[in-house]
There are 2 protein chains.
Amino acid sequence: MSLTVVGSIAYDTVRTPFGERQRMLGGAATHFALAASFFDEVRPVGPVGDDFTDEDLAILATRGTSTDDVERVAGGKTFFWEGEYGWDLNSRETIDTQLNVFETFQPKLSAAARACDVLFLANIQPQLQLDVLEACDGPRFTAMDSMNLWIDIARDDLVKVIERVDCVILNDAELRQLTEKPNLVSAAREVLKWGPSVVVAKQGEYGAALVTGESFFALPAYPLETVVDPTGAGDTFAGGFVGWLAKNAEDTPSDAALRQAMAYGTALASYNVEEFGMERVTRLTLDEVHDRVEAIRDLTQFTVEVR
Amino acid sequence: MSLTVVGSIAYDTVRTPFGERQRMLGGAATHFALAASFFDEVRPVGPVGDDFTDEDLAILATRGTSTDDVERVAGGKTFFWEGEYGWDLNSRETIDTQLNVFETFQPKLSAAARACDVLFLANIQPQLQLDVLEACDGPRFTAMDSMNLWIDIARDDLVKVIERVDCVILNDAELRQLTEKPNLVSAAREVLKWGPSVVVAKQGEYGAALVTGESFFALPAYPLETVVDPTGAGDTFAGGFVGWLAKNAEDTPSDAALRQAMAYGTALASYNVEEFGMERVTRLTLDEVHDRVEAIRDLTQFTVEVR
């Protein structure tokens, strides 16, 4: 069993009210991989430059993740992002984006990467997502992320990707923008009509909602008194969600499995934001993940005999 | 057993993407009363003008609510608010506010209103909330709402009110502003330190969170494909929440009762926004409320054997 993820491996400089970290390991594929590595053998596909260190490659390899498909571009520099968060961490400003080796990235998947059981297409250009779908041998479950930029400038290609995957994971504002439907439930149902069987709406500090043809499910985020760095929370959520399904679900995940996956995604995202970058999730244990899933269950359950 | 609510009884003109209603019945005390009337004998205290119609008084009296403490101000006009909602209903612009009889409102509580078991102080000037607390004979449970205006211009009085009530129900942004704490959990815990035993953070379309000394609980809003008019959703939530506790809880509500109350508040708020103004909640039945509580339970529950 293996899980291929295609996306960015990056260096981030991040300022939050809790401090600053310069050029620390980040990127969507990295956050996804560290979360999913609790559940499956993960294979990130993405480019890095000469500046990428062996120490950071070792972090990416946490819990057995294969780094064989990390492409080292000679003479290139690793994708760089710099951002600053506002006082309540709900707003952020991008200070600098240097695509570097990501600008000309053409995914080259090894035989092992193509043979994956589960595929996650992190936020990259939709045409590249289509190329990866073509290249793979036929994973039993495919999921994807995207962003407002691609809705603006490459919507047709993006819709083609959506038509071919099982699961779409987007922010609620992106789902609204994509479908031009102001109501989240209507927006999610519209995306389901295009082909996917599962839509997850990420809602930032408020949690996430799951919409399928038969079911609606919503989970709040785990309540933390101290959130240090929200960067990568969405990709960590996706790693927990898709990783759990890779290990615990059949071709068509049951409603129960999808709800459990939501809880694991939520638990992993909550750990991710407790410290900067990959710091917390790198040394996280599976027992801690289970503990938080139980805590999330406790804070959402109620009993009522209504009549 | 009786529940006194002090707050605005108003006429609203509302425009949403679904249409417009002119001078329809509204106001915080009205929305609260129509929801709470499922669970207790409710007694709204608030002023109206000569323009207030018998038809609207009859709506306020739905399900046995006493209108004896509705003060008719001779020569006065009823509080008027006009607003317009944006395309996704999450933003709204106030077009006009005419305080009218509300400008000089001094709550005069009848003996029956003072003898209430449960008291809800809707969003009015904090000094008036203090006057009402003084006037009452000693309700076993007191809850309150407020708004950003009072945090800006009457914070000291507002804090005095908070110190004397059992339960604070505010929007999450108001809790942050009030405590100057960007983190919602920290903000709620700060308010608990001031005196109350229960803090509810309303989160609009995302639902609501409950924080006590021992427990955290969160519920998503009920997912509706069509939201017609969000006006009064927060007051309707408060009416369901406080009303349920008035009927089903002891002096110090248990964690289980508080969670149930959150579900009833959420259910009632979801009906309120399905149509304009009081239209839906006026003709709502208790069976429909119970049905939605069960639906909310179904969409938040998951089981997981974690080890």
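The values are calculated or read from the model by the stated rules, or taken from the named source; none is laboratory data. All figures in this text were calculated on a predicted structure; none of them were measured in a lab. For neighbour counting, all protein chains shown are included, and Cβ atoms are generated from backbone atoms with ideal geometry for every residue, glycine included. Surface areas here come from the heavy atoms of the whole protein model, side chains and all, with no ligands, DNA or RNA. Shrake-Rupley method; radii C 1.70, N 1.55, O 1.52, S 1.80 Å.
The table below gives the values:
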read-out: Residue among B:LEU99, B:LEU149, B:LEU119 that is free of Cβ contacts under 8 Å to residues at least 12 places away in the same chain, closer than 21 Å to B:HIS31 by Cβ, more than 14 Å from every other protein chain (Cβ to nearest Cβ) and not polar (S, T, N, Q); value: B:LEU149
read-out: Enumeration of residues in the stretch B:161-172 that are over 16 Å from the mean Cα position of the chain (by Cα) and either within 13 Å of chain A (Cβ to nearest Cβ) or free of Cβ contacts under 8 Å to residues at least 40 places away in the same chain (or both); value: B:GLU163, B:ARG164
read-out: Qualifying residue in the stretch A:179-186 (condition: out of contact with any Cys (no Cβ under 8 Å at 6 or more places or on another chain), in contact (Cβ under 8 Å) with a residue 24 or more places away in the chain, crowded, with 21+ Cβ neighbours inside 10 Å and away from chain B (no Cβ under 14 Å)); value: no
read-out: Subset of the stretch B:6-41 [assigned to a strand (DSSP E or B) and either open to solvent by 20 Å² or more (accessible area, probe 1.4 Å) or touching a Lys or Arg at 6+ places or on another chain (Cβ under 7 Å) (or both)]; value: B:TYR11, B:THR13, B:VAL14, B:ARG15, B:GLY19, B:GLU20, B:ARG21, B:GLN22, B:ARG23, B:MET24, B:GLU41
read-out: The stretch B:192-205, subset within 14 Å of another protein chain (Cβ to nearest Cβ) and at pLDDT 95 or above, residue surrounded by the fewest Cβ atoms within 10 Å (Cβ to Cβ); value: B:LYS193
read-out: Subset of the stretch B:266-307 [more than 8 Å from every other protein chain (Cβ to nearest Cβ), among the β-branched types (Val, Ile, Thr) and surrounded by fewer than 21 Cβ atoms within 10 Å (Cβ to Cβ)]; value: B:THR282, B:THR285
read-out: Residues (in a helix (DSSP H, G or I) and either surrounded by fewer than 17 Cβ atoms within 10 Å (Cβ to Cβ) or out of contact with any helix residue (DSSP H, G or I) (no Cβ under 9 Å at 6 or more places or on another chain) (or both)) located in the stretch A:133-156; value: A:GLU134, A:ALA135, A:ASN148, A:LEU149, A:ASP152, A:ILE153, A:ARG155, A:ASP156
read-out: Failed item in (1) within 14 Å of chain B (Cβ to nearest Cβ); (2) at pLDDT below 95, with A:GLY138 passing the rest; value: (1)
read-out: Per-region count, the stretch A:188-212, residues more than 27 Å from B:PHE217 (Cα to Cα) and of a type in the set (A, V, I, L, M); value: 2
read-out: Answer from A:LEU258, A:LEU219 - the residue that is within 11 Å of chain B (Cβ to nearest Cβ), over 22 Å from B:ALA173 (Cα atoms) and either under 17 Å from the mean Cα position of the chain (by Cα) or open to solvent by 40 Å² or more (accessible area, probe 1.4 Å) (or both); value: A:LEU258
read-out: The one condition in (1) in contact (Cβ under 8 Å) with a residue 60 or more places away in the chain; (2) under 25 Å from A:VAL185 (Cα atoms); (3) among the β-branched types (Val, Ile, Thr) that B:VAL198 fails to fulfil; value: (2)
read-out: Positions within the stretch A:229-255 being among the hydrophobic types (A, V, I, L, M, F, W, C) and away from chain B (no Cβ under 11 Å), in sequence order; value: A:ALA233, A:PHE237, A:ALA238, A:PHE241, A:VAL242, A:LEU245, A:ALA246, A:ALA249
read-out: Enumeration of residues in the stretch B:63-98 that are in a loop (DSSP other than H, G, I, E, B) and modelled with pLDDT under 95; value: B:GLY86, B:TRP87, B:ASP88, B:LEU89, B:ASN90, B:SER91
read-out: Odd one out for B:VAL101 among (1) farther than 30 Å from B:TYR206 by Cα; (2) among the hydrophobic types (A, V, I, L, M, F, W, C); (3) at pLDDT below 95; value: (3)
read-out: Selection within the stretch A:54-103 - open to solvent by 70 Å² or more (accessible area, probe 1.4 Å) and out of contact with any Asp or Glu (no Cβ under 8 Å at 6 or more places or on another chain); value: A:ASP54, A:GLU55, A:ARG63, A:ASP68, A:TRP87, A:LEU99, A:GLU103
read-out: The lone exception for B:ILE169 - which of (1) under 30 Å from A:ASN183 (Cβ atoms); (2) in contact with a helix residue (DSSP H, G or I) (Cβ under 8 Å, 6 or more places away or on another chain); (3) outside any strand (DSSP E or B) it fails; value: (3)
